[in-house]
Amino acid sequence: LAGGADAVAKEALRQARAVLAAPECAAAFTAPSPHAIVWRERSFDLITEGGWVSGTFDRVLIDRDSAGRPLSAWIVDYKTDDISDDAKLESKCQGYAPQIALYRQAIARLAGLPEEKVRASLLFTRLLKLV
């Protein structure tokens, strides 16, 4: 990679390693049960009352029973926002609320779960915070 692209790639790798090493983020990478499955970078299209919605889930952990039926789901959406303190965190979370609400709706329909069985978190990679 040349010039600025190389610096961006190095920073992305640094953040990824930091997230994977951070105890605060470990739950996002831990299976809730032996029957759980993980979706990574899974794209979707969905027709809702508001129209056509397209998106890509960063990570979804779907917990299942021993027969493979979904019990619950947890969406983990990675955020690389350039925020360096908790003061701006609440504002950022509120800004992402509409996106996350759509993602919860999508997973509920795709996995055949009631929406109350779908939770969502934002993983802020610069802050190493799972919110």
Scanning the stretch 115-131 residue by residue, the ones that are within 13 Å of Ala16 (Cα to Cα), within 10 Å of the chain's Cα centre (by Cα) and open to solvent by 10 Å² or more (accessible area, probe 1.4 Å) total 0
Of the conditions (1) at pLDDT below 90; (2) in contact with a Phe, Trp or Tyr (Cβ under 6 Å, 6 or more places away or on another chain), the single one that Asp86 does not satisfy is (2)
Inside the stretch 83-114, the number of residues satisfying the requirement of being surrounded by 15 or more Cβ atoms within 10 Å (Cβ to Cβ) and in a loop (DSSP other than H, G, I, E, B) is 2
In the stretch 54-77, is there at least one residue being more than 16 Å from Leu123 (Cα to Cα), surrounded by 16 or more Cβ atoms within 10 Å (Cβ to Cβ) and touching a Gly at 6+ places or on another chain (Cβ under 7 Å)?
yes
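For the stretch 48-91, which residues satisfy the criterion of being polar (S, T, N, Q) and either farther than 20 Å from Leu110 by Cα or touching a strand residue (DSSP E or B) at 6+ places or on another chain (Cβ under 6 Å) (or both)?
Within the stretch 48-91, Ser54, Thr56, Ser72, Thr80, Ser84, Ser91 meet the criteria.
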All-but-one check, Gly51 against (1) exposed (fewer than 10 other Cβ atoms within 10 Å of the Cβ); (2) under 18 Å from the mean Cα position of the chain (by Cα), failing number (2)
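The values are calculated or read from the model by the stated rules, or taken from the named source; none is laboratory data. In this text, all values refer to a predicted model and were calculated from it rather than measured experimentally. Backbone-built Cβ (ideal geometry, glycine too); neighbour counts: all protein chains shown. Keep in mind that these areas ignore ligands, DNA and RNA; they rest on the heavy atoms of the full protein, side chains included. Shrake-Rupley method; radii C 1.70, N 1.55, O 1.52, S 1.80 Å.
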